[in-house]
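**Student:** Sharing a structure below in structure tokens format, with a few things to ask.
Every number here is computed from the coordinates shown, using simple stated rules; none is lab data. Please read these numbers as outputs of a predicted model, since none were measured by experiment. Cβ placement follows ideal geometry from the backbone for every residue including glycine, while neighbour counts extend to all protein chains displayed.
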Amino acid sequence: MPVARPRRCSHAAAMQWTAALLNLLLLAALPARAVSVQEDYNAAQAHLDARRLAEARAGFSALLARLGPQSASRSATIVRSRLAETLVELGEVEEAQPLLETALASLPAGNAALRGERGAALTHLARATEEQGQIRTALGYWQQILDEKLMAPASLGLLDAQAGVARTAIWSRPEVAAAMIETLITQPDAAWGASKAVANRGRLMALRLKGQLAMASGRLADAATALAAAGKLAGGTETSMVNIDDIELRGDLVTLAWLRKDSAALSKLTALSGANMLDDGSRGGGGSSSLLPPCTPTGTVAPDAMAVIEFGVGDDGRVLNVRPVYVTTGSGPADSHPEEAFVAAVHEWSWPAEQAKAVNLMWRAAIRVELRCLTRQPDLASDSLFREARDWFDKQKLPLPEVSGTDAQRRQALLASLASIEAAEGPQSPRLLGVLGALMGNTAVGPREAARLGERLASLAEARQAPILLVWLGRNAASGRRTLGSAERRKLIDLAETRGEGRLADYLRLQSVADDSGKQAEALLQAIIARRADGDPLRTQALLRLSDLAFARGDEAAAASALASTGLSPQQCSLVDVRPLGSSSNVFSSADFPVESLSWGLSSLMQVSYDIRPSGETTNVRVILARPPFVFSDAVVRRIQKWRFKPVMRGTETVGCVGRTQGVRFNGASG
């Protein structure tokens, strides 16, 4: 299927008129070394213009170091701004933001000679903050560009700022967004570029924003009118030849169909948007429910708030161009702005790089997901084991890697550190342990890469007498499974006991009895309880499992006694990872899903959150992540509402289980 190249917003046109001024400033700042500095600057700028971003970053970084990283000179300010622009293009927006803020302090408002440079810095700062979910802050920067008249009339830079205001104002100042959208729609063709096709793309974007604003305001008829007009500009909404504009428009129409409760149109438009082209089956699927904003009271997002978020995925697995499409506050206050929390969460997602590269750029440039917040509880048992491992690193005086950013950014930094340590100290250096361990939990590390690195970690940890936790992490990754098989687990338990790591041995024993209900399992649990102190998460988990087994055999007194010994609240199953026992009916079949979705061969990747009542019934069922949005959400909620569990908690004051999550994957192509 022929596709169009995804578009990229460029500010080169807005900056051309400042080029001569910048050269003069650089020459004037360092007369003794002007030629060399100018040549270095020109070389870095040439890389940036040609989109050789890694080379541009290296060039501007070296030049800034030469001029002085803390220098407030005009030359350093220009280079700092160029470096930040490069970082924004690379997706390194967290690193770019402070550079831009520093640069702006040396680019005062009202200086006509620096108007273009100040406009460019504000533009990139608006993009950086918007990408991180600081949407109201970004609106302030976009509006500042317009208020200070920093862009030339009828320029692409001006249109970019107007579009930025329209896009970000939807969520906090809808009246400003509406006025700016009309300004964009009524722009003459010449303002958008040299061709009618380019002008149509600009108006199509504005009409899509008009439709999104109308949906956010509940004006569905107005949304339909705006999106229909956009469809005419796009040449129709059911064509087989598509570009990014078509995919985004059809995604908007999917949301409108859901709001109108039109299931037939919902399935059809989802199929026509190419949502099935991102079928992956990877670990985490690029988005993880653990990287969702927490619900109130832990966080700021109401449990019934919902968002549709659009984003792209780069070749390195990094998530880029994150934008809210449709957001509701639910029962939260009107000024809670959940769109910012959802965008910030998605910005932290990463795809395994090997998986991202395997998908055509067209189908990963405008991915959409339906999201809700997560009822989050810590895993106290595993947290305590990781603390013990960190203590070992401290005693060995082995530094743990300190890297920040998204998982994709951290992966790159960790792999670079791995190569550097290995080159300097060899493949058996104990300093590699911390880096390899950090890579094990990184969602941007693909399965094949994780298996290779996991084998290295397990081997090196055994050779260096490191904590068995590292061996376990490595072997899990090397095996490609969530947990080890029973034989492998027994070997690790024996090794942990030999090394004096009894707590890890008990943690692995608890895994081995998770699905066992025999007398041997009860004896093992009693032994763990006897040797673990009150308050130890391992003891608590063993007590809860023992309570579950006692209740299953009809001994309610023993079940209540074990439960009372834990002293836990209704969050207990989340806190210690006790698994409620489900009935045989807790499965999905094709009959559970809409007929229209089956006829179109649609697939879905979902995460569902629910609570379990003392009676074993499910309640508060919510889809917290769905890709694509909406198609299967209602059906999955209805099905899980029918699930039944054997109650986990017993006693005179029985309680349920809060915050369970369930992954659901439906492959319509295979029936």
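**Student:** Can you check what the Kirkwood hydrodynamic radius comes to for segment 126-224, Cα pairs only, in Å to one decimal? Numbers along the way, then the final one.
**Tutor:** Details: mean 1/r = 0.0729 Å⁻¹.
Evaluated over segment 126-224, this radius sits at 13.7 Å.
**Student:** Ok, one more. Can you tell me what percent of all Cα-Cα pairs in segment 215-274 are more than 16 Å apart?
**Tutor:** So the pairs more than 16 Å apart make up 38 percent of the total in segment 215-274.
**Student:** Work out, step by step, the length gained on full extension between Glu182 and Ala487: first 0.36 nm times the residue separation, then minus their alpha carbon distance; give nm to one decimal. Kindly include the intermediate steps, with their values, before the conclusion.
**Tutor:** On the way: separation 305, 0.36 × 305 = 109.80 nm, distance 6.73 nm.
Extra length available between Glu182 and Ala487 comes to 103.1 nm.
**Student:** Any idea what log10 I(q)/I(0) is at q = 0.21 Å⁻¹ for segment 431-559, Debye with uniform C-alpha scatterers and no solvent?
**Tutor:** Taking Cα atoms of segment 431-559 as identical point scatterers yields -1.14.
**Student:** Could I ask something else about it? Can you tally the net charge around Pro401? Count Lys and Arg as +1, Asp and Glu as -1, for every other residue whose Cβ sits under 10 Å from the Cβ of Pro401.
**Tutor:** Summing Lys/Arg as +1 and Asp/Glu as -1 gives +1.
**Student:** Which of the peptides 529-535, 198-204, 125-131 is most tightly packed, and how do the rest follow, judged by the mean count of other Cβ atoms within 10 Å per residue?
**Tutor:** Those peptides, ordered most packed to least, come out 125-131, 198-204, 529-535.
**Student:** Can you tell me the dipole magnitude for segment 96-186 around its Cα centre, using point charges on the Cβ only (Lys, Arg +1; Asp, Glu -1), in Debye to the nearest 20? Walk me through the numbers before you get to the answer.
**Tutor:** Values: 7 positive and 9 negative charges, 10 e Å.
The calculation lands at about 40 debye.
**Student:** Place a label point 7 angstrom from the Cα of Lys397 along the Cα-to-Cβ direction, then list the residues of segment 420-434 whose backbone nitrogen is under 14 Å away.
**Tutor:** Hits in segment 420-434 for Lys397 at 14 Å: 431.
**Student:** Hey, got the Cα dimensions of segment 65-156 along the principal axes, in Å, largest first?
**Tutor:** Extents along the principal axes: 37, 31, 19 Å.
**Student:** Quick check on segment 338-436: what does the Kirkwood estimate of hydrodynamic radius come out to from the alpha carbon pairs, in Å?
**Tutor:** After inverting the mean inverse Cα-Cα distance, the result is 16.9 Å.
**Student:** Hey, what do the phi angles of segment 407-417 turn into as Karplus ³J(HN,Hα) couplings, whole Hz, using 6.51/-1.76/1.60 and θ = phi - 60°, x for Gly and Pro?
**Tutor:** Couplings: 4, 5, 5, 5, 4, 4, 5, 5, 5, 5, 5 Hz.
**Student:** Relative to the present Cα-Cα distance, how much length would full extension add between Glu238 and Ala523 at 0.36 nm per residue of separation?
**Tutor:** 96.2 nm
**Student:** Short version: ³J(HN,Hα) in whole Hz for each residue of segment 235-246, in order, from phi by Karplus 6.51 cos²θ - 1.76 cosθ + 1.60 (θ = phi - 60°), x for Gly and Pro, what are they?
**Tutor:** Each residue's phi maps through the Karplus curve to give x, x, 10, 10, 6, 8, 8, 10, 10, 4, 4, 5 Hz.
**Student:** Could you work out the Kirkwood radius for segment 363-520, taking every pair of different alpha carbons, averaging 1/r and inverting it, reported in Å? Let's see the in-between values first.
**Tutor:** Details: mean 1/r = 0.0581 Å⁻¹.
That comes to 17.2 Å for segment 363-520.
**Student:** Now, a different point. If you stretched the chain out fully between Ser382 and Ala424, how much longer would it get, using 0.36 nm times the residue separation minus the C-alpha to C-alpha distance?
**Tutor:** 11.8 nm
**Student:** Once both labels are modelled 7 Å past Cα along the beta-carbon direction, what's the Lys149-Leu598 spacing in nm?
**Tutor:** 6.5
**Student:** Further question: Students often check this: by mean Cβ neighbours within 10 Å, which of 36-42, 54-60 ranks highest, and how do the rest follow?
**Tutor:** Final packing ranking: 54-60, 36-42.
**Student:** Quick one: Karplus J couplings for segment 65-77, per residue in order, coefficients 6.51, -1.76, 1.60, θ = phi - 60°, nearest Hz, x for Gly and Pro?
**Tutor:** Here the 3J(HN,Hα) series is 4, 5, 6, x, x, 9, 5, 9, 5, 4, 5, 5, 4 Hz.
**Student:** Something else about it: Roughly how many debye, to the nearest 20, is the charge dipole of segment 183-236 about its Cα centre, given +1 on each Lys and Arg Cβ, -1 on each Asp and Glu Cβ, and no other charges?
**Tutor:** I would put it at about 60 debye.
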